[in-house]
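Novice: Before anything else, here's the structure in question.
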Amino acid sequence: MTLPTPIWIVLGTLALTACAAAPDRYVIPAPQIADQQRIAFRSVEIRKISLPAYAASDEIAQQGADGRVISDGGLLWADTPERAVALELSRHLSRLTGARVASEPWPFETFADARLELRFESLIAGEDGQFRTNGQYFVAVENGRERSGLFSLAVPFDPTGGPQAIAAARGQIILDLARYLAANGLR
């Protein structure tokens, strides 16, 4: 036989829950794009984005000087990282190239000329003021030359600028990655 929970425990739990602050969420600002880049395709599907576990988490992570990945459950990305990176890349590649670019699932009746897949090995802000990413990209083309390559990029940020500085650096590094892919993978 179970005893009823005393009312003071229920009220105390409700009070603690009500006092707990919601975590802060940070949006990635969209950097300005003024340049144009020609690519070999009229349409590109961003098929899959694969992030490491810490980068796929909603928590904003940083890498310490000793290599440890540190995060705070009170600082979160405003969108799920894999979805956000795919949408950012779609937007940037579309603006840079003028091509029809969309993330999976492909929303059009006719198939894309090329499919792009990215496998990130890292995507993280360092306590040293560098936001780094590296990994591999794959371009699948039905009737043409398929290709793959490696990428390794870094952008500086002010480590005293807090989560806003990290978010701005992540936005910039995804734009730099879009430029890199347009120049190297989609030509």
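The values are calculated or read from the model by the stated rules, or taken from the named source; none is laboratory data. Please read these numbers as outputs of a predicted model, since none were measured by experiment. With ideal geometry, Cβ positions are generated from the backbone for all residues, glycine too; neighbour counts draw on all protein chains shown. We work out accessible area using only protein heavy atoms, side chains counted, and drop any ligands, DNA or RNA first. Shrake-Rupley method; radii C 1.70, N 1.55, O 1.52, S 1.80 Å.
Novice: Among the residues of the range 60-76, how many are more than 23 Å from E121 (Cβ to Cβ), open to solvent by 40 Å² or more (accessible area, probe 1.4 Å) and small (G, A, S)?
Specialist: Residues that pass the stated criteria total 1.
Novice: Additional query: Residue check, N143 against (1) open to solvent by 40 Å² or more (accessible area, probe 1.4 Å); (2) modelled with pLDDT of 95 or more, all met but one. Which one?
Specialist: Every listed condition holds for N143 apart from (2).
Novice: Consider A53 against the criteria (1) open to solvent by less than 50 Å² (accessible area, probe 1.4 Å); (2) among the small types (G, A, S); (3) at pLDDT 95 or above: it satisfies all of them except one. Which criterion is unmet?
Specialist: Failed condition: (1).
Novice: Spot the failing condition for P107; the list is (1) of a type outside the set (V, I, T); (2) more than 30 Å from D24 (Cα to Cα); (3) touching a strand residue (DSSP E or B) at 6+ places or on another chain (Cβ under 9 Å), and only one is missed.
Specialist: (3)
Novice: Then there's this: Got at least one residue in the range 154-176 being over 25 Å from D66 (Cα atoms) and assigned to a strand (DSSP E or B)?
Specialist: Scanning the range 154-176 turns up no residue that is over 25 Å from D66 (Cα atoms) and assigned to a strand (DSSP E or B).
Novice: Suppose we keep only residues that are among the charged types (D, E, K, R) and at pLDDT 95 or above within the range 71-103. Which one would you say is farthest from R170 (Cα to Cα)?
Specialist: R100
Novice: Something else now. Mind telling me which of the residues D79, D72, D158, D66 ends up being of a type outside the set (K, R), free of Cβ contacts under 8 Å to residues at least 12 places away in the same chain, over 17 Å from S43 (Cβ atoms) and out of contact with any Pro (no Cβ under 8 Å at 6 or more places or on another chain)?
Specialist: D66 is the lone residue from the list that is of a type outside the set (K, R), free of Cβ contacts under 8 Å to residues at least 12 places away in the same chain, over 17 Å from S43 (Cβ atoms) and out of contact with any Pro (no Cβ under 8 Å at 6 or more places or on another chain).
Novice: Which condition does L87 not pass, out of (1) closer than 26 Å to A22 by Cβ; (2) under 12 Å from the mean Cα position of the chain (by Cα); (3) open to solvent by less than 50 Å² (accessible area, probe 1.4 Å), if it passes all the others?
Specialist: For L87, the failing item is (3).
Novice: Can you name the residue in the range 171-187 that is touching a residue at least 40 places away in the same chain (Cβ under 8 Å) and open to solvent by 10 Å² or more (accessible area, probe 1.4 Å) and, of all such residues, is farthest from A114 (Cα to Cα)?
Specialist: Here the residue is Q172.
Novice: Among the candidates I39, I28, I60, which residue alone is part of a strand (DSSP E or B), at pLDDT 95 or above and not hydroxyl-bearing (S, T, Y)?
Specialist: I60
Novice: Let me ask something additional. Examine the range 82-103 for a residue that is in contact with a Leu (Cβ under 9 Å, 6 or more places away or on another chain), closer than 25 Å to G149 by Cβ and without any contact (Cβ under 8 Å) to a residue 40 or more places away in the chain, and state whether such a residue exists.
Specialist: yes
Novice: Checking F151 against (1) more than 23 Å from A34 (Cβ to Cβ); (2) in a strand (DSSP E or B), only one condition comes out false. Which one?
Specialist: The failed condition is (1).
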